[in-house]
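Take a look at the structure below.
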Ligand SMILES: Cc1cc2nc3c(=O)[nH]c(=O)nc-3n(C[C@H](O)[C@H](O)[C@H](O)COP(=O)(O)OP(=O)(O)OC[C@H]3O[C@@H](n4cnc5c(N)ncnc54)[C@H](O)[C@@H]3O)c2cc1C
């Protein structure tokens with residue numbers, strides 16, 4: 001049986017960031033990815049925004065890793081000349097009653113270590129973004145957009161250059177704990193042995209964790225699939241800054257905001273609703289919700305927006321539940337030393353990817 005030092009399950013942006021970091025430290029790192037290439041799921045179906053860290057409770061992993069990850073990602077993008085734009089974002093109030101929410105976000109963000117936050121008057125926002133209907137906004141200068149595909153391509157390339165192997169079309173179907181580590185079986189029957197296993201399987205992370213014997217329901221690790229769709233438009237182009245409404249009070253999403261890409265194209269989304277299956281097709285019934293939400297802050301007709309794409313969030317937060325943090329754990333307390341679970345890596349997972357990799361490195365127990 002092939003023996004490796006580290007086996008990473010999943011080549012989304014998180015698995016790749018971990019592979020790149022670990023490939024500098026370990027000689028034999030393998031990433032097993034069930035799809036034919038990297039980032040076929042959540043990592044390529046999102047808003048491509050580098051978040052600042054204003055939304056998450058103080059001291060949560062989401063807050064700490066977002067603030068750190070934002071800085072790490074900008075350095076990485078600059079160093080490797082990967083497309084990005086630090087455009088900043090406005091969280092806009094469209095009604096006077098929403099102004100206190102901006103103040104709460106400013107206070108929370110400042111406590112989390114986000115720099116440069118400022119409440120701007122209606123006049124100032126209109127001077128900077130004249131198209132938007134607003135009563136004032138929170139200015140968030142550290143938010144930006146990036147070319148996620150090229151980040152993943154670079155991480156994949158760097159990991160392989162350091163000697164890691166990224167094995168595509170390789171689905172992990174079972175994991176068995178032994179005295180010397182773990183035996184991992186792939187769908188073609190091939191087996192490898194590894195003392196360190198990292199579960200970065202995104203939407204399937206709860207199922208992968210169950211393979212080793214950590215039951216999702218018992219440990220509150222069940223993933224709830226929450227879809228987010230986007231609608232695009234050609235009515236507007238080259239908007240300078242990201243514009244978000246105040247977040248949904250249930251914490252399910254940040255609200256239907258504008259998504260801009262590096263070519264200046266514009267779309268709106270994501271909405272948020274729970275689904276039972278991994279199905280990325282769009283549901284036209286939400287077109288009305290999109291039109292109503294966007295019309296709150298921008299003039300647009302119903303037929304000036306049409307279906308774009310969708311992604312699915314791997315949420316730990318079930319319907320009606322409050323905030324849930326990322327689970328990033330060395331499961332040694334449960335009897336699975338150096339089995340690292342990453343569960344519920346929804347937004348701001350892209351932003352956090354490099355900081356998550358550093359965090360995971362510090363969880364590995366070298367004495368085992
Ligand atoms: C609509 C939407 C908008 C978002 N917007 C943002 C944003 O603007 N900014 C931000 O920071 N974050 C955002 N996010 C969150 C971000 O996209 C995710 O946190 C991030 O992509 C998670 O990456 P990952 O590598 O953990 O998961 P994934 O990209 O899903 O990768 C997991 C991989 O594991 C593989 N896998 C699963 N099971 C197995 C198995 N048994 N064997 C082998 N391989 C397996 C899968 O094929 C997949 O490739 C958004 C998410 C959504 C859904």
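The values are calculated or read from the model by the stated rules, or taken from the named source; none is laboratory data. Please read all numbers here as calculations on a predicted model, not as lab measurements. No Cβ is skipped: glycine too gets one built from the backbone with ideal geometry, and neighbour counts run over all protein chains shown.
In the list 232, 227, which residue meets the criterion of being within 10 Å of the ligand (Cβ to nearest atom), in the same structural domain as residue 278 (by TED's automatic domain parsing), in contact (Cβ under 8 Å) with a residue 12 or more places away in the chain and not in a helix (DSSP H, G or I)?
227
Test each condition in (1) crowded, with 18+ Cβ neighbours inside 10 Å; (2) not in a helix (DSSP H, G or I) for residue 211 and report the one that comes out false.
Checking residue 211 against (1) crowded, with 18+ Cβ neighbours inside 10 Å; (2) not in a helix (DSSP H, G or I), the one that fails is (2).
Any residue at all in the range 1-11 that's within 14 Å of the ligand (Cβ to nearest atom), more than 23 Å from residue 119 (Cβ to Cβ) and not in a strand (DSSP E or B)?
yes
With 346, 321 as the choices, which residue is surrounded by fewer than 22 Cβ atoms within 10 Å (Cβ to Cβ) and either out of contact with any helix residue (DSSP H, G or I) (no Cβ under 6 Å at 6 or more places or on another chain) or not assigned by TED's automatic domain parsing to the domain that holds residue 249 (or both)?
321
Quick one: how many residues across the range 118-148 are touching a strand residue (DSSP E or B) at 6+ places or on another chain (Cβ under 7 Å) and under 23 Å from residue 353 (Cα atoms)? It would help to see each step written out before you state the result.
Just the residues of the range 118-148 that are touching a strand residue (DSSP E or B) at 6+ places or on another chain (Cβ under 7 Å), to begin with: 118-122, 125, 129, 132, 134-140, 143-147.
Then drop every residue that is not under 23 Å from residue 353 (Cα atoms), which leaves 140, 143-147.
Final tally of qualifying residues: 6.
Looking for something touching a helix residue (DSSP H, G or I) at 6+ places or on another chain (Cβ under 8 Å), modelled with pLDDT under 95 and outside the structural domain of residue 204 (by TED's automatic domain parsing) - is there at least one such residue anywhere in the range 254-269?
yes
Given the conditions (1) more than 22 Å from residue 246 (Cα to Cα); (2) in contact (Cβ under 8 Å) with a residue 12 or more places away in the chain, and given that residue 303 satisfies all but one, which numbered condition is not satisfied?
All conditions are met except number (2).
If a residue must be under 18 Å from residue 105 (Cβ atoms), touching a strand residue (DSSP E or B) at 6+ places or on another chain (Cβ under 9 Å) and surrounded by 19 or more Cβ atoms within 10 Å (Cβ to Cβ), how many such residues does the range 67-88 contain?
Total meeting the criteria: 1.
Is it the case that some residue within the range 94-101 is crowded, with 19+ Cβ neighbours inside 10 Å and either in contact (Cβ under 8 Å) with a residue 40 or more places away in the chain or at positive phi (or both)?
The answer is no, given that none of the residues of the range 94-101 is crowded, with 19+ Cβ neighbours inside 10 Å and either in contact (Cβ under 8 Å) with a residue 40 or more places away in the chain or at positive phi (or both).
Give, as residue ranges, the strands (runs of 3 or more DSSP E) completely inside the range 16-124 that count at least 1 residues that are more than 14 Å from the ligand (Cβ to nearest atom) and not assigned by TED's automatic domain parsing to the domain that holds residue 195.
Fully inside the range 16-124 and qualifying: 89-93, 118-121.
Consider the range 168-189. How many of its residues are part of a loop (DSSP other than H, G, I, E, B) and within 26 Å of the chain's Cα centre (by Cα)?
4
What number of residues within the range 274-288 satisfy the criterion of being without any contact (Cβ under 8 Å) to a residue 12 or more places away in the chain and over 15 Å from residue 42 (Cα atoms)?
Qualifying residue count, the range 274-288: 1.
If a residue counts only when it is within 26 Å of residue 221 (Cβ to Cβ), which strands (runs of 3 or more DSSP E) contained entirely in the range 257-335 have at least 2 such residues? Spell out the reasoning first.
Details: elements: 257-260, 266-269, 306-315, 327-330.
Ranges flagged: 306-315, 327-330.
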